[in-house]
Amino acid sequence: MYQTLEDCINDLEKAGELIRIKEEVDPNLEMAAIQRRAYKEQGPAILFENVKGSKYRAVANLYGTSKRTKYMFRKTWDGVNDVISMRDDPMKALKHPLKNATTGFSAVKALPMRLPGVKHSKLEEIPLTDLPMIKSWPDDGGAFITLPQVYSEDPDKPGIMNANLGMYRVQLDGNDYKEGKEIGLHYQIHRGIGVHQSKAVKKGEPLKVSIFIGGPPAHTLSAVMPLPEGLSEMLFAGLLSGRRFRHSYEDGYCISHDADFVITGDIYPDDTKPEGPFGDHLGYYSLTHEFPVMHVNKVYARPDAIYPFTVVGRPPQEDTTFGAVIHELTGEAVTQELPGVKEVHAIDAAGVHPLLFAIGSERYTPFEDVKRPMELLTTANRILGFGQLSLAKYLFITSDDDDVSTHDEAAFLQYVLERIDLHRDLHFQTNTTIDTLDYSGTGLNSGSKVVIAAIGDKKRELCTDVPDTLKNTKDIHNPNLVMPGVITMEIGDYVDENTTAKEIDALSAKIAANNDVNHYPLLVLTDDSAFASRSLDNFLWTTFTRSNPSHDMHGVNSFTLHKHWGCDAMIIDARLKPHHAPPLIEDEDVEKRIERFFPMN
């Protein structure tokens with residue numbers, strides 16, 4: 001396997017999976033635009049050999065296709081799969097030691113290797129400003145590292161085997177950061193590094209942090225892997241790369257000898273600065289907020305270093321493929337951890353965290369003639385209390401009675417809508433946590449959730465055209481069918497909560513007068529109905545990234561009984577609202593400039 005990122009690049013080039021751009025390219029928007037276009041066209045990885053303002057090369061779209069990603073890990077893929085499969089039976093390694101020695105579970109191959117010091121490596125000290133300063137979106141607050149491996153150790157249990165390696169975006173310049181001296185780290189307190197920082201704060205001492213960039217692709221993948229409890233990211237990096245992670249310590253900081261770049265520094269208690277904006281994976285800017293500032297100690301680079309980067313934005317992007325490969329590698333980890341869960345699918349088109357589809361078992365009342373969600377609700381609570389899944393806003397869940405898959409998104413949604421009892425099967429959680437990057441809620445990290453559960457026989461036939469009754473309803477404009485039973489429409493721009501309440505009360509009364517409301521259980525208010533209905537992806541993105549269940553779910557003939565809310569048809573208000581973050585829009589001039597790299601075939 002690869003000892004360096006350059007080894008990987010040369011291998012991909014020989015396989016026809018990488019091209020070189022020798023012409024000077026601007027890291028201010030141009031490089032990111034080229035990466036997005038290459039990913040969209042399922043093109044090769046790209047090595048930028050002449051980055052404006054930097055002596056270092058940069059590489060993008062390494063993980064742009066599943067085929068290419070799996071090709072990079074072809075020699076260790078099966079062995080790592082075997083290791084991951086042991087999460088339910090860790091004694092398996094001891095029961096079959098010879099087998100596991102050949103699949104990469106050998107400590108000799110995987111344990112980190114400590115070396116004498118930086119002097120014995122190929123790293124040399126450089127100014128932070130020598131890095132390629134890549135800005136992805138027009139309104140980003142500065143340049144960001146988008147594929148960092150952020151390393152920290154547990155202050156209570158120092159050492160590499162208790163370390164955390166995570167991928168948290170790093171802002172290199174802009175805002176109030178002192179150029180070349182300070183950088184911003186964006187992470188949540190429940191993440192591994194956040195736990196380490198909390199412990200350091202209690203001790204009244206700074207947290208030492210190292211940021212690795214580049215190195216073997218296995219190290220980048222290790223920073224985002226959902227690993228079994230007790231399996232170190234550094235050990236996993238060795239397993240996946242087929243080579244021990246080489247490191248040393250300098251001034252108390254861990255230095256990766258495999259990385260192309262290393263940034264070391266300290267995070268002090270209560271030391272924050274404004275970070276952002278940043279064009280994020282929901283398809284909107286995450287806005288400027290206070291986040292920890294890292295005081296840079298030293299920066300190192302290989303003489304021939306290569307700077308890997310990616311671009312995030314409205315899905316699908318390169319991180320979509322990255323995520324799919326990780327899911328394939330880890331298998332159904334969630335279903336193994338959560339009893340009763342058969343499938344969980346975070347919907348990429350909706351920005352991943354806002355929307356989950358799930359399948360569970362319903363075994364509580366097999367003696368009842370009429371099935372209703374019971375065990376499914378217990379299962380739903382497990383899902384919404386588990387790791388990153390706890391950030392979801394909408395959870396659609398059904399049972400495994402029929403042959404239905406969460407990955408056939410249109411069929412799954414239709415199955416649920418055909419069976420849901422809207423008087424009984426909507427369950428809200430209010431004033432709770434959602435994704436930091438989701439601005440549809442009531443504040444940073446604050447919003448609501450709804451479980452939409454359905455089981456049993458079909459309760460309705462869904463309309464396959466927009467009913468004339470809706471077309472002829474006053475104040476409804478441009479109604480469009482997305483899929484059976486789902487209709488988008490316009491009623492004008494969002495003004496405020498009071499105006500919306502009056503608008504929807506009036507709209508609901510008009511729709512209730514129709515005798516066909518049972519055939520369209522989901523109505524969605526949008527700013528652009530034609531766009532939202534043009535594809536399933538457009539519908540999922542618009543509806544679930546621009547709504548907060550407790551505030552934006554309304555209903556025809558809605559009621560509250562003993563604190564339970566129900567209706568005859570759901571109305572989701574997915575219009576843009578004043579507190580929402582702006583959507584990402586590409587710079588037209590930049591898009592025209594990069595056309596020179598994509599000649600007509």
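The values are calculated or read from the model by the stated rules, or taken from the named source; none is laboratory data. On a predicted model such as this, the values are computed, not experimentally measured, just so you know. We place every Cβ from the backbone using ideal geometry, glycine too, and count neighbours over all the protein chains shown. Heads up: the accessible areas ignore ligands, DNA and RNA and are worked out on the full protein's heavy atoms, side chains in. Shrake-Rupley method; radii C 1.70, N 1.55, O 1.52, S 1.80 Å.
Results, tabulated for the structure shown:
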{"quantity": "Any hit, region 520-537, residues being part of a loop (DSSP other than H, G, I, E, B), within 17 Å of K393 (Cα to Cα) and in contact with a Lys or Arg (Cβ under 7 Å, 6 or more places away or on another chain)", "calculated": "no"}
{"quantity": "Test: residue in region 12-20 that is touching a Gly at 6+ places or on another chain (Cβ under 9 Å), touching a residue at least 12 places away in the same chain (Cβ under 8 Å) and surrounded by fewer than 18 Cβ atoms within 10 Å (Cβ to Cβ)", "calculated": "yes"}
{"quantity": "Answer from P217, P206 - the residue that is closer than 20 Å to M294 by Cβ and not basic (K, R)", "calculated": "P206"}
{"quantity": "Count - residues of region 439-487 that are part of a loop (DSSP other than H, G, I, E, B) and open to solvent by 30 Å² or more (accessible area, probe 1.4 Å)", "calculated": "14"}
{"quantity": "Failed item in (1) touching a residue at least 12 places away in the same chain (Cβ under 8 Å); (2) surrounded by fewer than 22 Cβ atoms within 10 Å (Cβ to Cβ); (3) among the hydroxyl-bearing types (S, T, Y), with S136 passing the rest", "calculated": "(2)"}
{"quantity": "Number of the exception - Q42 against (1) closer than 21 Å to G279 by Cα; (2) free of Cβ contacts under 8 Å to residues at least 24 places away in the same chain", "calculated": "(1)"}
{"quantity": "Filter result (in a loop (DSSP other than H, G, I, E, B), closer than 16 Å to K449 by Cα and open to solvent by 10 Å² or more (accessible area, probe 1.4 Å)) within region 342-363", "calculated": "V352, H353"}
{"quantity": "Checking A501 against (1) within 17 Å of N557 (Cβ to Cβ); (2) open to solvent by 50 Å² or more (accessible area, probe 1.4 Å); (3) without any contact (Cβ under 8 Å) to a residue 40 or more places away in the chain, the condition it does not meet", "calculated": "(2)"}
{"quantity": "Residue within region 407-421 that is out of contact with any Cys (no Cβ under 6 Å at 6 or more places or on another chain), loosely packed, with under 15 Cβ neighbours inside 10 Å, closer than 26 Å to D568 by Cβ and not polar (S, T, N, Q) present", "calculated": "yes"}
{"quantity": "One residue from D266, D270, D260, D251 being under 19 Å from I126 (Cα atoms), at pLDDT below 95 and not hydrophobic (A, V, I, L, M, F, W, C)", "calculated": "D251"}
{"quantity": "Criterion: hydroxyl-bearing (S, T, Y) and open to solvent by less than 10 Å² (accessible area, probe 1.4 Å) - qualifying residue of Y284, Y249, Y268, Y307", "calculated": "Y307"}
{"quantity": "The one condition in (1) at pLDDT below 85; (2) open to solvent by less than 20 Å² (accessible area, probe 1.4 Å); (3) among the basic types (K, R) that R68 fails to fulfil", "calculated": "(1)"}
{"quantity": "Filter result for Q188 (under 24 Å from L128 (Cβ atoms) and in contact (Cβ under 8 Å) with a residue 60 or more places away in the chain)", "calculated": "no"}
{"quantity": "Residue in region 564-574 that is more than 27 Å from G43 (Cα to Cα), of a type in the set (D, E, K, R), more than 26 Å from the chain's Cα centre (by Cα) and not in a strand (DSSP E or B) present", "calculated": "yes"}
{"quantity": "Test: S550 is in a helix (DSSP H, G or I) and open to solvent by 30 Å² or more (accessible area, probe 1.4 Å)", "calculated": "yes"}
{"quantity": "Residue in region 193-215 that is among the β-branched types (V, I, T) and more than 27 Å from T330 (Cβ to Cβ) present", "calculated": "yes"}
{"quantity": "Lone qualifier among T526, T545 - being of a type in the set (V, I, T), in contact with a Pro (Cβ under 9 Å, 6 or more places away or on another chain) and crowded, with 22+ Cβ neighbours inside 10 Å", "calculated": "T545"}
{"quantity": "In region 422-438, the residues that are under 19 Å from E497 (Cβ atoms), open to solvent by 10 Å² or more (accessible area, probe 1.4 Å) and among the hydrophobic types (A, V, I, L, M, F, W, C)", "calculated": "F428"}
{"quantity": "Scan of region 217-228 for residues that are surrounded by fewer than 22 Cβ atoms within 10 Å (Cβ to Cβ) and either at pLDDT 95 or above or among the small types (G, A, S) (or both), ordered by number", "calculated": "A223"}
{"quantity": "Options G387, G441, G447, G360: the member that is in contact with a Leu (Cβ under 9 Å, 6 or more places away or on another chain) and of a type in the set (G, A, S)", "calculated": "G360"}
{"quantity": "Tally, over region 168-216, of residues that are open to solvent by less than 10 Å² (accessible area, probe 1.4 Å) and polar (S, T, N, Q)", "calculated": "2"}
